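Below: one structure, written as structure tokens.
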Amino acid sequence: MSHLVYWFGNRPRLLIFLLIGTTLVPAVGHSDTRLPVVSPRDADMDAGHLDRIDQVVAAGLARKQMPGCVVCVGRRGHIVFRRAYGFRQLKPENVPMTVDTVFDMASITKPVATATSVMQLIERGQLRLRDTVAKHIPEFGQNGKAKVTVRELLLHQGGLIPDNGLADYKDGPAVAMEKIFALPLIAEPGSKFVYSDVGYIVLAELVRRKTDKTIHEFTQENLFGPLRMTETG
């Protein structure tokens, strides 16, 4: 697994990943699900036009908008362009970007993994959108949160703060969840949109309570595994 986070001061910043015009369809029935690589001409594309991507990326690197990136272009079930640029790590030393670098896509986890897991449980009848979270996690209902629903957390309308302090996580997951359950609301549930990492941490805990699996374990078994997304987690 590649190390992808680079640092400015004491805060991590993510590398940029570009995926242009790609259709990634698992090759069901085959042990190797990777898309074949062909020349642009074989996919009815103009190689010269694709080469202009080099100029666009070079401009971004020169402006220091990113330390590096991977650009992958797919067409009709084939990869026609895949190049690595710049660096995937800057500290403590520069490490060149490679096309097989695994990227931390951060908040993409929320819709792709957590929300999808919750919707799978709804499809199975284990949850309902209108359920209060406290119905399944009683501890969450304290300090005015008893009426917050699953739907409201999914839509970032649960009235929770965007993020709690990093110090709340220093003593491990169990203590961290206790501190999240004790948080008060900052808005009336359903009244407005406030993007909240905290809300999705609660949803991940909801999946764990209903399945006895962490969000990673559940998605490997029910989402990424069946899709053969072997480098996603």
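Numbers below:
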read-out	value
Residue check, Ala134 more than 11 Å from Gly199 (Cβ to Cβ), touching a helix residue (DSSP H, G or I) at 6+ places or on another chain (Cβ under 7 Å) and in a helix (DSSP H, G or I)	yes
Members of segment 139-166 that are hydrophobic (A, V, I, L, M, F, W, C) and at pLDDT 95 or above	Phe140, Ala146, Val148, Val150, Leu153, Leu154, Leu155, Leu160, Ile161
Hey, Pro67 surrounded by fewer than 17 Cβ atoms within 10 Å (Cβ to Cβ) and over 30 Å from Gly199 (Cα atoms) or not	no
Any hit, segment 116-132, residues being open to solvent by 40 Å² or more (accessible area, probe 1.4 Å), in contact with a strand residue (DSSP E or B) (Cβ under 6 Å, 6 or more places away or on another chain), farther than 27 Å from Leu160 by Cα and without any contact (Cβ under 8 Å) to a residue 60 or more places away in the chain	no
Count - residues of segment 170-207 that are farther than 17 Å from Leu155 by Cβ and either in a loop (DSSP other than H, G, I, E, B) or open to solvent by 90 Å² or more (accessible area, probe 1.4 Å) (or both)	8
Filter result for Gly158 (closer than 30 Å to Asp100 by Cα and small (Gly, Ala, Ser))	no
Residues of segment 59-109 that turn out to be part of a strand (DSSP E or B), over 21 Å from the mean Cα position of the chain (by Cα), more than 25 Å from Gly48 (Cα to Cα) and modelled with pLDDT under 95, as a count	0
Where Phe140 falls short, out of the listed (1) touching a residue at least 24 places away in the same chain (Cβ under 8 Å); (2) open to solvent by 60 Å² or more (accessible area, probe 1.4 Å); (3) in a helix (DSSP H, G or I)	(2)
Answer residue from segment 150-169, given it is charged (D, E, K, R) and within 26 Å of Arg128 (Cβ to Cβ) and is surrounded by the most Cβ atoms within 10 Å (Cβ to Cβ) among those	Glu152
Close pairs from segment 151-170: first under 22 Å from Ser117 (Cβ atoms), partner open to solvent by 70 Å² or more (accessible area, probe 1.4 Å) and of a type in the set (S, T, N, Q), Cβ under 8 Å, at least 6 apart	Gln157/Ser191
Residue list for segment 36-75, restricted to those being more than 23 Å from Pro96 (Cβ to Cβ), in contact (Cβ under 8 Å) with a residue 12 or more places away in the chain and of a type outside the set (Ser, Thr, Tyr)	Pro36, Val38, Pro40, Asp42, Ala43, Asp44, Met45, Gly74, Arg75
Hits in segment 25-43 - residues which are among the charged types (D, E, K, R) and at pLDDT 85 or above	Arg41, Asp42
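The values are calculated or read from the model by the stated rules, or taken from the named source; none is laboratory data. Since the structure is predicted, the reported quantities are computational estimates derived from the model, not experimental observations. All Cβ positions, even for glycine, are placed from backbone atoms using ideal geometry, and neighbour counts span all protein chains on display. The area values use the complete protein model at the heavy-atom level, side chains included, leaving out ligands, DNA and RNA. Shrake-Rupley method; radii C 1.70, N 1.55, O 1.52, S 1.80 Å.
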